[in-house]
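The values are calculated or read from the model by the stated rules, or taken from the named source; none is laboratory data. Everything numeric in this text was worked out from a predicted model, so none of it was measured. For neighbour counting, all protein chains shown are included, and Cβ atoms are generated from backbone atoms with ideal geometry for every residue, glycine included. Note: areas computed on protein heavy atoms with side chains; ligands, DNA, RNA excluded. Shrake-Rupley method; radii C 1.70, N 1.55, O 1.52, S 1.80 Å.
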Amino acid sequence: MERLPSWLRQHIAALRAVAVLTVLLGLVYPLVTTGVAQALFNGKANGSMVKGGHGSSLIGQSFTDADGNPVRKYFQSRPSAAGDGYDPTSTGASNLGPEDVIDVLPNGADEGKQSLLTQVCARSKAAGELEGVSGARPYCTSDGVGAVLKVFPDRAVSVNQACPATPFTAAYQGLKVECGKPGEDYAAGRTVPVRGDVSTVDVPADAVTASGSGLDPHISVAYAELQAPRVAKERGLAPDQVKALIGAHTTGRALGFMGEPAVNVLELNLALDRS
């Protein structure tokens, strides 16, 4: 070896280092960490799968029929902006902010685009109808779109209510309010969201907004309790029995003080099926 050229000795040393590190980091280390994980944290290491192969307790899913309508005997998850809903390959939020309040109205072949405000209003209206409560919210019209005006010197337009809809208010500061005409440019008008006279909100916030990941498997205790009467009626169960199952599948605050208690929807629905 001493008689080999220095450049060749350096290459041989480098190859030895690569071989040793490959064995240690590419074989030994993965086997050790995998073994420890399987021995001490078997469930988490395998994706926190729920017994019966119904999914993971860490990833939410929808409980709807083939047409996307809620299955009434199940608790419903919160909305999801991940792909077509709870798609792990498209995890993410809608990236829409609180100032996104004006829709692009459908116009012929153009399907248009709902603003974040209208999405919230539509979800609240649908949840209210499903649970038999008021779905009214501030800044929402009774037909489930954002109550937003574009105000001009001589008129005001309810831009999220496409003609021939009746505007949610007939007048604004002495100006007649018109319905929105698809394809018309209202950018020059002053944007005025109208709060309305809603004093109480029956539908919780997590029933109308998606999580940051779009995969959150939990809902708030308030949303679960809102759904409890419907689920109890559909299944012929006593309301107290359903509420007890909600309590059994409610997790506390992280580290005792972070966040709020939450209910795992998949685990709760599976418990209902078993009951």
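Among the residues of the range 190-215, the one identified as open to solvent by less than 30 Å² (accessible area, probe 1.4 Å) and without any contact (Cβ under 8 Å) to a residue 40 or more places away in the chain is 204.
Here residue 129 fulfils each of the conditions (1) surrounded by 20 or more Cβ atoms within 10 Å (Cβ to Cβ); (2) not in a loop (DSSP other than H, G, I, E, B) apart from (1).
Only one entry of 117, 96 meets the criterion of being of a type in the set (A, V, I, L, M, F, W, C), surrounded by 13 or more Cβ atoms within 10 Å (Cβ to Cβ) and in contact (Cβ under 8 Å) with a residue 24 or more places away in the chain, and that entry is 117.
Being at pLDDT 90 or above, open to solvent by 80 Å² or more (accessible area, probe 1.4 Å) and closer than 29 Å to residue 269 by Cβ is the requirement here; does residue 44 meet it? Answer is no for this residue. A single member of 251, 209 is under 22 Å from residue 92 (Cα atoms) and of a type in the set (S, T, N, Q), and it is 209. Pairs are defined by a Cβ separation below 8 Å, a sequence spacing of at least 6 or placement on different chains, a first member in the range 160-176 that is over 15 Å from residue 141 (Cβ atoms), and a second member that is open to solvent by 40 Å² or more (accessible area, probe 1.4 Å) and part of a loop (DSSP other than H, G, I, E, B); the pairs so defined are 175/154; 175/155; 176/155; 176/170. If only residues of the range 158-178 that are within 31 Å of the chain's Cα centre (by Cα) and buried (at least 17 other Cβ atoms within 10 Å of the Cβ) are counted, the one that is farthest from residue 192 (Cα to Cα) is 162.
Is there a residue in the range 221-244 that is of a type in the set (Val, Ile, Thr) and open to solvent by 20 Å² or more (accessible area, probe 1.4 Å)? Within the range 221-244, one or more residues are of a type in the set (Val, Ile, Thr) and open to solvent by 20 Å² or more (accessible area, probe 1.4 Å). Restricting the range 132-157 to residues that are in contact with a Ser or Thr (Cβ under 9 Å, 6 or more places away or on another chain) and within 19 Å of residue 206 (Cβ to Cβ), the residue that is surrounded by the fewest Cβ atoms within 10 Å (Cβ to Cβ) is 134.
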